[in-house]
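Following: one structure in structure tokens, then a few remarks.
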Amino acid sequence: MQSEVQFAGFGGQGIMLMGQILAQAAMAGGFEVVWIPSYGPEMRGGTAYCTVVISDRLIGSPIIRNPGHLVAMNRPSLEKFAPTVKSGGVIFINSSIIPIDAGRDDVDVIKVPIIEISKNLGNVKVANIVALAAFVTRSKVVDFELLQQAVRDKFAQKEKLIPLNMQALEEGRKAALD
């Protein structure tokens, strides 16, 4: 089994963090993992994307032209990467700022208003955690419990952020099930 996930958006949306957390969760689950970041020249506000490859055997090549899944945090990313997703994959759409659909009927499309959800939690900075939780819930690329532990581990040095991020995970999971 191999899963490839492309996270894409603009700098400042937490794209790299989502990929890192997913990679950590998969490693904790005993999988082989590759995380490959890519930054636009501007960093914050520029294009940012990363690919996470998760496999139950050695990964032959980390370069993926057609990922199994996509987490699109802005419209240019959706328009650029949605056509490359393999049939049967999951495309997550940040419906707070993406007013269009993926234009695909051969994939599972999930639209979640992550900015509104994170504002209701009191901090828009957890929008990426809401998105990651919704994506993992729908795609099942890793067990949700592994994702929760990876978030706890990631924020272990900033313990006061853990409760908010745990709430963000739960709200993302609920959004994916609605």
* Criterion (of a type in the set (Ser, Thr, Tyr) and either closer than 18 Å to Ile114 by Cα or outside any strand (DSSP E or B) (or both)) met by exactly one of Ser61, Ser38 -> Ser61
* To do: Keeping to the stretch 116-145, report how many residues are closer than 17 Å to Gly9 by Cα, hydrophobic (A, V, I, L, M, F, W, C) and surrounded by 17 or more Cβ atoms within 10 Å (Cβ to Cβ).
  => 9
* Structure fact -> Of (1) among the hydroxyl-bearing types (Ser, Thr, Tyr); (2) in contact with a Gly (Cβ under 6 Å, 6 or more places away or on another chain); (3) in a strand (DSSP E or B), Thr51 satisfies every one except (2)
* Asked: Out of the stretch 114-173, which residues are among the basic types (Lys, Arg) and modelled with pLDDT under 95?
  -> Lys158, Lys160
* in contact (Cβ under 8 Å) with a residue 40 or more places away in the chain, under 22 Å from Ser38 (Cα atoms) and crowded, with 16+ Cβ neighbours inside 10 Å - does that describe any residue in the stretch 152-175? -> yes
* Structure fact -> Counted residues in the stretch 67-113 being part of a loop (DSSP other than H, G, I, E, B) and either over 14 Å from Ser139 (Cα atoms) or at pLDDT below 95 (or both) come to 15
* To do: Just one of (1) under 14 Å from the mean Cα position of the chain (by Cα); (2) more than 17 Å from Met16 (Cα to Cα) trips up Val130, so point out which.
  => (2)
* **Of residues in the stretch 121-151 being touching a residue at least 60 places away in the same chain (Cβ under 8 Å) and not in a helix (DSSP H, G or I), the one nearest to Ser87 (Cα to Cα)** => Val141
* Asked: In this structure, is Gly88 in contact (Cβ under 8 Å) with a residue 24 or more places away in the chain, within 23 Å of Met1 (Cα to Cα) and out of contact with any helix residue (DSSP H, G or I) (no Cβ under 7 Å at 6 or more places or on another chain)?
  -> no
* To do: Go through the stretch 87-103 and give me each residue that's surrounded by 15 or more Cβ atoms within 10 Å (Cβ to Cβ) and more than 22 Å from Ala150 (Cβ to Cβ).
  => Ile91, Ile93, Ser95, Ser96, Ile97, Ile98, Ala102
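The values are calculated or read from the model by the stated rules, or taken from the named source; none is laboratory data. Please read all numbers here as calculations on a predicted model, not as lab measurements. Virtual Cβ from ideal backbone geometry, glycine too; neighbours counted across all protein chains shown.
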